[in-house]
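Comments concern the structure below.
The values are calculated or read from the model by the stated rules, or taken from the named source; none is laboratory data. Because the structure is predicted, anything quoted here is derived from the model rather than measured. Note that each Cβ is placed from the backbone with ideal geometry, even for glycine, and that neighbours are counted across all protein chains shown. Only protein heavy atoms, including side chains, enter the accessible area calculation; ligands, DNA and RNA are left aside. Shrake-Rupley method; radii C 1.70, N 1.55, O 1.52, S 1.80 Å.
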Amino acid sequence: MAGRSDTRTAVVWSALEPTLGSGPLDVLDIGGGTGGLAVRVGELGHRVTVVDPSPDALAALARRAREHDVEVAGLQGELADLLDVVEPASADLVLCHGVLEVVDDPADALATLARVLRPDGMLSLLVAQRYAAVVARAMAGHFQQALALLDPAPGAGRRPAEPSGRSGRRYTRDELTGLVQQAGFVPVAVHGVRVFTDLVPGSLLDLEPGATAALVELEQAVATLPEYLPLATQLHLLAHRSS
């Protein structure tokens with residue numbers, strides 16, 4: 001039975017499945033926290049390492065891994081000092097979800113990720129998307145916040161807005177693809193994540209039989225349609241490290 005979390009993760013997981021279907025792979029999860037994704041990847045037989053700055057999160061990761069009888073390594077560190085704890089060219093797949101929003105320099109961060117990937121390795125990026133944030137703030141009555149998030153000069157390669165509050169930077173598709181290309185990656189696919197999920201009342205999913213499964217199906221159906229990307233709360237980008 002589909003749960004509420006499935007509507008938030010189904011698109012990303014489906015996008016990763018072709019890569020995770022080969023292996024076993026050396027997978028590096030940057031900022032993987034308590035291991036919600038890392039343990040699931042480890043259950044497929046891959047060798048997974050989580051790098052996270054929080055010792056409490058890493059302790060929770062260890063407990064989760066034991067509960068699922070999966071081996072997942074945990075290292076304390078941040079993306080800025082990643083090469084102090086991880087060897088260059090040591091990963092086949094890097095998961096960097098919800099981290100690029102808060103780093104000091106996204107271009108430097110992506111350059112570091114390129115160094116820890118093997119040639120033809122795959123990068124999975126999940127970031128907050130700007131246009132949906134503008135709509136969400138306007139709908140909540142926070143009109144000045146919405147105005148501040150507007151992009152006055154969109155275009156590929158344009159530097160994303162600086163972090164603002166806890167949510168950090170937000171990206172457009174052009175900004176994100178421009179950044180990864182500058183770091184030596186070749187974008188493979190961009191998916192819209194949570195196009196409708198954050199607009200649907202939780203009570204509807206709880207009370208209407210089959211609603212959650214139908215919403216997951218809808219999210220997957222629109223994930224690659226470019227006209228729906230501006231509505232997505234998050235963008236998921238897959239890219240190869242160029243040889």
Only one of these is closer than 24 Å to Asp105 by Cβ, open to solvent by 50 Å² or more (accessible area, probe 1.4 Å) and not polar (S, T, N, Q): Asp198, Asp174, Asp206. Name it. Asp174
Specify which of the listed residues (Ala62, Ala15) is of a type outside the set (Phe, Trp, Tyr) and within 30 Å of Val200 (Cα to Cα). Ala15
I'm told Arg130 meets every condition in (1) in contact (Cβ under 8 Å) with a residue 40 or more places away in the chain; (2) surrounded by fewer than 21 Cβ atoms within 10 Å (Cβ to Cβ) except one. Can you identify the failing condition by its number? (2)
Kindly provide the set of residues from region 69-83 that are in a strand (DSSP E or B) and either open to solvent by 50 Å² or more (accessible area, probe 1.4 Å) or out of contact with any Gly (no Cβ under 7 Å at 6 or more places or on another chain) (or both), ordered by number. Ala73, Gly74, Leu75, Gln76
Condition check for Val102: open to solvent by less than 10 Å² (accessible area, probe 1.4 Å), among the β-branched types (Val, Ile, Thr) and under 20 Å from the mean Cα position of the chain (by Cα): no
Where residues in region 109-148 are of a type in the set (D, E, K, R) and in contact with a helix residue (DSSP H, G or I) (Cβ under 8 Å, 6 or more places away or on another chain), which of them is nearest to Leu37 (Cα to Cα)? Arg115
Would you please name the residue that is farthest from Val86 (Cα to Cα), looking only at residues in region 111-169 that are part of a helix (DSSP H, G or I) and at pLDDT below 80? Gly165
Residue satisfying condition, being of a type outside the set (S, T, N, Q) and outside any helix (DSSP H, G or I), within set Ala60, Ala89: Ala89
Mind checking which residues of region 5-40 are touching a Gly at 6+ places or on another chain (Cβ under 7 Å) and open to solvent by less than 20 Å² (accessible area, probe 1.4 Å)? Ala38
All conditions in (1) at pLDDT 95 or above; (2) in contact with a Lys or Arg (Cβ under 7 Å, 6 or more places away or on another chain); (3) in a helix (DSSP H, G or I) are true of Arg8 except (1)
